[in-house]
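Chemist: Quick one: this structure, given as structure tokens, is what I'll be asking you about.
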Amino acid sequence: ELKVEQNPLFLSMQEGKNYTIYCNYSTTSDRLYWYRQDPGKSLESLFVLLSNGAVKQEGRLMASLDTKARLSTLHITAAVHDLSATYFCAVDTKGGGADGLTFGKGTHLIIQP
Amino acid sequence: DAGITQSPRHKVTETGTPVTLRCHQTENHRYMYWYRQDPGHGLRLIHYSYGVKDTDKGEVSDGYSVSRSKTEDFLLTLESATSSQTSVYFCAISSAVETQYFGPGTRLLVL
């Protein structure tokens with residue numbers, strides 16, 4: 001059974017600081033997703049990482065994937081309040097790209113002035 | 001935004017009644033999914049479809065059935081709703097080449 005673990009599950013940080021969210025998964029997969037969810041809203045796709053060593057950046061967010069370590073990271077640089085949200089990582093349950101996703105429990109991020 | 005709508009957006013029902021949730025897409029994507037989101041669990045896959053009339057079970061499929069008679073519509077049915085099915089239900093679509101896009105969600109309360 002595929003397990004996806006995120007840590008931390010809750011993070012409170014100050015504006016301007018850097019931090020990293022970690023996502024570990026238990027079986028081989030070459031495709032990992034990061035989503036953002038604001039309270040009461042749907043999920044917004046941030047990144048899709050498709051191969052070992054993949055790195056993607058959008059604004060203050062950068063995601064990377066190490067398939068050998070079964071680890072993905074989401075790095076936040078110089079955090080701003082607008083980045084406050086819950087962040088989820090997810091992995092293809094069967095590795096085919098068309099099957100459902102297995103999600104981590106999410107990291108609730110609060111960025112304070 | 002991907003063209004995904006869900007109906008109803010909110011529903012209150014009583015234990016034992018049947019409930020059907022609808023997901024409609026205008027993107028002509030082959031793959032469609034139903035997830036539920038509960039505090040402390042993240043999102044969990046209920047059922048998914050890889051084409052018209054082709055569906056498969058996900059992690060938490062007990063008590064749910066699905067149907068897909070047209071590419072654009074994916075229905076989720078709770079045959080006899082229970083309080084444990086109180087949740088937020090999200091539909092998602094995918095072309096399998098890129099990410100999954102999520103609909104706005106349906107909040108279901110089973111009393």
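The values are calculated or read from the model by the stated rules, or taken from the named source; none is laboratory data. Because the structure is a prediction, the values reported are computed rather than measured. Every residue, glycine among them, receives a Cβ derived from its backbone with ideal geometry; neighbour counts consider all protein chains shown.
Chemist: Please state which one of B:Ser67, B:Ser87, B:Ser7, B:Ser83 is modelled with pLDDT of 95 or more, among the hydroxyl-bearing types (Ser, Thr, Tyr) and touching a Ser or Thr at 6+ places or on another chain (Cβ under 7 Å).
Modeler: Numbers: B:Ser67 fails: touching a Ser or Thr at 6+ places or on another chain (Cβ under 7 Å); B:Ser87 fails: touching a Ser or Thr at 6+ places or on another chain (Cβ under 7 Å); B:Ser7 fails: touching a Ser or Thr at 6+ places or on another chain (Cβ under 7 Å).
Answer to the check: B:Ser83.
Chemist: Return the total of residues in region A:6-43 being in a strand (DSSP E or B) and either loosely packed, with under 14 Cβ neighbours inside 10 Å or not charged (D, E, K, R) (or both). I'd like the intermediate steps shown before the answer.
Modeler: Initial filter on region A:6-43 (in a strand (DSSP E or B)): A:6-7, A:10-14, A:19-25, A:32-37, A:43.
Among the residues that remain, those that are also either loosely packed, with under 14 Cβ neighbours inside 10 Å or not charged (D, E, K, R) (or both) are: A:6-7, A:10-14, A:19-25, A:32-35, A:37, A:43.
Matching residues across region A:6-43 total 20.
Chemist: Any residue at all in region B:88-98 that's surrounded by fewer than 22 Cβ atoms within 10 Å (Cβ to Cβ) and away from chain A (no Cβ under 14 Å)?
Modeler: From region B:88-98, those surrounded by fewer than 22 Cβ atoms within 10 Å (Cβ to Cβ) are B:88, B:95-98; that's our starting set.
Retained after the next criterion (residues that are away from chain A (no Cβ under 14 Å)): none.
No, region B:88-98 contains no residue that is surrounded by fewer than 22 Cβ atoms within 10 Å (Cβ to Cβ) and away from chain A (no Cβ under 14 Å).
Chemist: At least 2 residues that are under 11 Å from the mean Cα position of the chain (by Cα) in each: list the strands (runs of 3 or more DSSP E) lying fully within region A:67-109 that qualify.
Modeler: On the way: elements: A:71-76, A:85-92, A:101-103.
So the answer is A:71-76, A:85-92.
Chemist: Shifting gears a bit: Would a scan of region B:15-26 turn up a residue that is among the small types (Gly, Ala, Ser) and more than 27 Å from A:Lys105 (Cβ to Cβ)? Walk me through it before giving the result.
Modeler: If we filter region B:15-26 for residues that are among the small types (Gly, Ala, Ser), which is where we start, we get B:16.
Subset that is more than 27 Å from A:Lys105 (Cβ to Cβ): B:16.
Checked region B:15-26: at least one residue is among the small types (Gly, Ala, Ser) and more than 27 Å from A:Lys105 (Cβ to Cβ).
Chemist: Here is a further query. From the residues in region B:11-34 that are part of a strand (DSSP E or B) and without any contact (Cβ under 8 Å) to a residue 60 or more places away in the chain, which one is surrounded by the most Cβ atoms within 10 Å (Cβ to Cβ)?
Modeler: Here the answer is B:Trp34.
Chemist: With respect to the numbered conditions (1) away from every other protein chain (no Cβ under 14 Å); (2) over 15 Å from the mean Cα position of the chain (by Cα); (3) not aromatic (Phe, Trp, Tyr), which one is the sole condition not fulfilled by B:Ala81?
Modeler: Tallying (1) away from every other protein chain (no Cβ under 14 Å); (2) over 15 Å from the mean Cα position of the chain (by Cα); (3) not aromatic (Phe, Trp, Tyr), B:Ala81 fails exactly one: (2).
Chemist: Something else now. Go through (1) of a type outside the set (A, V, I, L, M); (2) closer than 18 Å to A:Leu43 by Cα; (3) in contact (Cβ under 8 Å) with a residue 40 or more places away in the chain and name the single condition B:Thr77 misses.
Modeler: (2)
Chemist: On to the next question. Of the residues A:Thr107, A:Thr77, A:Thr73, A:Thr67, only one is surrounded by 13 or more Cβ atoms within 10 Å (Cβ to Cβ) and modelled with pLDDT under 95; which? Step through it out loud before you land on a result.
Modeler: Working: A:Thr107 fails: modelled with pLDDT under 95; A:Thr77 fails: modelled with pLDDT under 95; A:Thr73 fails: modelled with pLDDT under 95.
Selected residue: A:Thr67, the only one of A:Thr107, A:Thr77, A:Thr73, A:Thr67 that is surrounded by 13 or more Cβ atoms within 10 Å (Cβ to Cβ) and modelled with pLDDT under 95.
Chemist: Tally up the residues in region A:82-113 that are closer than 14 Å to B:Leu45 by Cβ and within 9 Å of chain B (Cβ to nearest Cβ), please. Give the derivation first.
Modeler: If we filter region A:82-113 for residues that are closer than 14 Å to B:Leu45 by Cβ, which is where we start, we get A:88, A:90-94, A:96, A:98-104.
In the following step, the residues that additionally are within 9 Å of chain B (Cβ to nearest Cβ) were identified as A:88, A:90, A:93, A:96, A:98-104.
Number satisfying all stated conditions: 11.
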